[in-house]
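Q: One structure coming up, written as structure tokens, with questions to follow.
The numbers here are math on the coordinates, done by the rules we state, and not lab data. All values reported here derive from a predicted model rather than from experimental measurement. Note that each Cβ is placed from the backbone with ideal geometry, even for glycine, and that neighbours are counted across all protein chains shown.
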């Protein structure tokens, strides 16, 4: 089941970013075009990313996450694959800490 806050946040962030890109490129007659399919794919990518960060308690750079999800969607990148709903993870998140050089 999708996290309702992640899905809502992803949609609002992408809508805002797409509007800003279109306005920066000349408004309604701009060359910046993104299809509904690409928007849906970007929403899926961003929602999954936000859900993972929320569940892991990891701080997310929203600006980078939005930009990357749009870039993946516009390129129709298939390197990202959604996690199946029935899948179970058997692993651990490993955080590496950078040690200060003395």
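Q: Taking R0 as 25 Å, what's the FRET efficiency between residue 21 and residue 56 from their Cβ-Cβ distance, rounded to 0.05?
A: The calculated FRET efficiency here is 0.30.
Q: How high is the FRET efficiency between residue 34 and residue 63 when r is their beta carbon distance and R₀ equals 22 Å, given to the nearest 0.05?
A: 0.80
Q: How many nm is it between the label spots at residue 77 and residue 11, if each spot is 7 Å from the Cα in line with the beta carbon?
A: Result for the modelled spin labels: 2.5 nm.
Q: Go through 44-55, 11-22 and give me the packing order, highest mean Cβ count within 10 Å leading.
A: Result, highest mean Cβ count within 10 Å first: 44-55, 11-22.
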